[in-house]
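The values are calculated or read from the model by the stated rules, or taken from the named source; none is laboratory data. Since the structure is predicted, the reported quantities are computational estimates derived from the model, not experimental observations. As a convention, Cβ positions derive from the backbone with ideal geometry for all residues, glycine included, and neighbour counts pool all protein chains shown. Note: accessible area is taken over every heavy atom of the protein model, side chains too, but ligands, DNA and RNA are not part of it. Shrake-Rupley method; radii C 1.70, N 1.55, O 1.52, S 1.80 Å.
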Amino acid sequence: IVIYNGPDTEHVGKEIFFGANETKVVIMDITNKSNPIVLSTFNYSNTSYTHQGWLTSDQKYWMLGDELDEQNFGFTTRTVVVDLTNLDLPILKTNYLGATAAIDHNGYTLNNEFYLANYRAGVRIINTANLNTASTLNEIAFFDTYPASNSAQFNGAWSVYPYFPSGNFIVSDIERGLFVLRKNAALGISNP
């Protein structure tokens, strides 16, 4: 739920709910709590478990994770990018496919980066700067908290929090505990 300040001027200043509701995305205006209004729903192909999403800084895109599609369809890690230029008619911008088979879990944006807790593949940092012009995303860094395997199982990095003023971010790993990291010092750089 955010006080909306994105590109759809009709809804600027309103309290908007973005929900990953198991089988679809639901967008609602909840400004009037006694009269919430469904603005739209969004469905995408190969849905397994619509789990979690986060808005880009400009609120133009929603980075959506489906927690079971890697297991059920054999994808590499998939992030569904939803274009929210019109909240009443969201559309698919692109599907980002990562380098491993690991399941995506919780992801958060900070400026032009998407920090993704990627279970057995650890935390991945994905550059989102080219979404407007080229619809491309590329991984720029990672830290593998579960180095034994990158398979599609429920072990490893569960969540990430990139919002500390220090530039540090934390990753919670189911088996290995809490990692405190800094992008420019601790993460390996992957090949784009």
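Within segment 72-90, being more than 15 Å from the chain's Cα centre (by Cα) and under 14 Å from residue 132 (Cβ atoms) holds for one residue alone: 85. Set side by side, the residues 32, 46, 106 differ, and just one is under 19 Å from residue 124 (Cβ atoms) and at pLDDT 95 or above, which is 106.
The strands (runs of 3 or more DSSP E) found entirely in segment 5-72 that carry 3 or more residues being of a type outside the set (Ser, Thr, Tyr) and surrounded by 18 or more Cβ atoms within 10 Å (Cβ to Cβ) are 15-20, 25-29, 50-55, 61-66. Scanning segment 119-162 for residues that are among the hydrophobic types (A, V, I, L, M, F, W, C), open to solvent by less than 50 Å² (accessible area, probe 1.4 Å) and part of a strand (DSSP E or B) yields 123, 125, 126, 140, 141, 157, 160.
Can we say residue 44 is touching a residue at least 60 places away in the same chain (Cβ under 8 Å), under 25 Å from residue 159 (Cβ atoms) and in contact with a Leu (Cβ under 9 Å, 6 or more places away or on another chain)? No. Of all residue pairs spaced 6 or more apart or on separate chains, those with beta-carbon atoms under 6 Å, a first member in segment 75-102 that is in contact (Cβ under 8 Å) with a residue 40 or more places away in the chain and open to solvent by 50 Å² or more (accessible area, probe 1.4 Å) and a second member that is in a strand (DSSP E or B) and polar (S, T, N, Q) are 88/40.
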